[in-house]
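Inspection log for the structure reproduced underneath, given as structure tokens.
The values are calculated or read from the model by the stated rules, or taken from the named source; none is laboratory data. Worth saying up front: this structure is predicted, and the values here are computed from it rather than measured. Here the Cβ positions follow ideal geometry from the backbone for every residue, glycine too, while neighbour counts run over all protein chains shown. Accessible surface areas use protein heavy atoms only, side chains included; no ligands, DNA or RNA. Shrake-Rupley method; radii C 1.70, N 1.55, O 1.52, S 1.80 Å.
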Amino acid sequence: MTGSCKVLICRNYKGDVDMAEIDRFLPLLMQHEEEGLLCPVLSHGKVHFMWIKHSNLYLVSTTNKNSNASLVYSFLYKIVEVFTEYFKELEEESIQDNFVVVYELLDELMDFGFPQTTDSKILQEYITQEGAKLEVGKSKVPTTVTNAVSWRSEGIKYKKNEVFIDVIESINVLVNANGSVMSSDIVGSIKLKTMLSGMPELRLGLNDRVLFGLTGRDKGKTVVMEDVKFHQCVRLSRFDSDRTISFIPPDGESELMSYRINTHVKPLIWIESVIEKFSHSRVEIMVKAKGQFKKQSVANNVEVRVPVPSDADSPKFKTSTGQAKYVPEKNMVVWTIKSFPGGKEFLMRAHFGLPSVENNELEGKPPVTVKFEIPYFTVSGIQVRYMKIIEKSGYQALPWVRYITQSGDYQLRTNV
């Protein structure tokens, strides 16, 4: 792990790459950057450097073999996740303040080049930031690490057994200047907050079209999920054979699965913008926003970001709802609407002064971008049909489901 100009901490797992090789990384990186040839894998002789950047740190893995690059990068991002859980902010200062804990974590995260325990909740059971103060009795490695179920501890107890399921879908939309949708898709995530005693077995049922086809059912709306990724707790063999999502969940919060739905999406918030320039003395902007979703739904915390010329000044605004403000460092107007009901239309007008000296018209035309969140609503129509909770003690547990649709990469290009 390297900072802005020096190696902060290093761990050699296999001993087949000289420790001094890491000193070549930063000069190599700077050389490639100057030449415009920067890429995620850099090589010097027989040694390959696979790296990611986080904050002011570079996390670098060295190898002299044809290693599995996807495994290496997954591990580097997992290190970022675990260290962030421990230190809140992962940066040069937090590494320098916690050298002992960092070394302990590196020893547990990987053994002889193979990832081991990478679940921060389990690691926090026996590696703490008061490591020197641990009592002898507490320094024993928990059985969780050697269990088949390494992501969940035994003996968990709750007075009230509940599981909260959040189905969150992000809408990616690109609309061209003529108003045609160029590309669109839905990226979904199912997140759990599990407060269940013991070692429960959970089964999640979705309106999955492949499942309905296997079982001969063809009633109601179904969805086709692509690029499905699961938490390690899900039994993949069971899913492959009969599409059953069966698992023993981690305790607390976790992402159970993610998916993508490749479908034509009608923009939920439609934006029309007109920008008029008057003899290089002023510019007027008119933006109309329309909610193209069900009237009973409401979009919350809507932000419409409209680009303006970099030399604009003296802003004046008029809105039919919400507030508009000028953000000069980003050359944009941000129009904020806290509550936007479906089917409604709102207007925003902005007036800017322009310098008398003509600006060379070489500026690009950034798109209008929109941020929003619509609770109790999914565009894809995905549904949690059931959540079965089975535990040997036979307790009753309540599953709660919440649906949220939000903006992802949501852009509308303009003519002006």
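Expressed as a whole percent, the accessible area of region 273-349 that falls on carbon and sulfur atoms is 47 (1.4 Å probe). At full extension, Ala69 and Lys14 could sit 18.1 nm farther apart than now, given 0.36 nm per residue minus the alpha carbon distance.
Computed from backbone phi, the HN-Hα couplings of region 382-396 come to 4, 9, 7, 7, 7, 9, 8, 10, 10, 9, 4, 6, x, 5, 8 Hz, rounded to whole numbers (Karplus: 6.51 cos²θ - 1.76 cosθ + 1.60, θ = phi - 60°; Gly and Pro given as x). Only protein atoms count toward the accessible area here, which uses a 1.4 Å probe; on region 77-119, the carbon and sulfur part of that area reaches 48 percent.
Calculate, in nm to one decimal, what Glu81 and His44 gain on full extension: separation in residues at 0.36 nm each, minus their alpha carbon distance.
Details: separation 37, 0.36 × 37 = 13.32 nm, distance 2.86 nm.
10.5 nm is the gain from fully extending Glu81 to His44.
For region 14-57 and region 254-269, what is the separation of their C-alpha centers, rounded to whole Å? After rounding, the separation between the Cα centres reads 36 Å. Computed 3J(HN,Hα) for region 184-193, one whole-Hz value per residue from the Karplus formula 6.51 cos²θ - 1.76 cosθ + 1.60 where θ = phi - 60°, is 7, 7, 10, 10, x, 8, 10, 10, 10, 10, glycine and proline marked x. For region 294-302, 3J(HN,Hα) computed residue by residue from phi via the Karplus equation (6.51, -1.76, 1.60; θ = phi - 60°) reads 4, 5, 7, 9, 9, 8, 9, 6, 6 Hz, glycine and proline entered as x. Here the Gaussian network model covers the chain, with springs between Cα atoms less than 10 Å apart; of Phe352, Phe164, Phe278, Phe278 fluctuates the most.
Normalised by the number of residues in the chain, the average gap of Cα pairs under 8 Å and 6 or more apart makes the relative contact order 15 percent.
With 20 Å as the limit on Cα-Cα distance, the pairs of Lys266/Lys344; Lys88/Lys160; Lys290/Lys318; Lys266/Lys290 that go past it are Lys88/Lys160.
Computed from the C-beta positions of Ser314 and Val274, the FRET efficiency with R₀ = 25 Å rounds to 0.80. The mean sequence distance of close C-alpha pairs (under 8 Å, at least 6 residues apart), as a share of the length of region 1-97, puts its relative contact order at 26 percent.
Distance from the Cα centroid of region 150-173 to that of region 77-104 is 25 Å (rounded to whole angstrom). Available extension along the chain between Glu373 and Gln296 is 26.3 nm, counting 0.36 nm per residue and deducting the alpha carbon span. Taken as entire DSSP H runs, the helices of the chain never both span 30 Å or more between Cα atoms along their own long axis and average 0.0 or more on the Kyte-Doolittle scale. Gaussian network model of the chain, Cα springs within a sub-10 Å range: biggest mean-square fluctuation belongs to which of Met195, Met387, Met348? Answer for the Gaussian network model of the chain: Met348. Shown is the FRET efficiency for Ser339 and Phe114, computed with R0 = 41 Å from the Cβ-Cβ distance and rounded to the nearest 0.05: 0.20.
How long are the semi-axes of the equivalent ellipsoid of region 266-329, defined as square roots of 5 times the Cα gyration tensor eigenvalues? Whole Å, largest first.
27, 13, 10
GNM remark for the chain: springs join alpha carbons under 10 Å apart, and the peak mean-square fluctuation among Val41, Val234, Val379 falls on Val41. Between Glu89 and Ile52, the FRET efficiency estimated from the beta carbon spacing at R0 = 25 angstrom works out to 0.90.
Probing with 1.4 Å while keeping every protein chain in the model, the per residue accessible area of the chain equals 55 Å².
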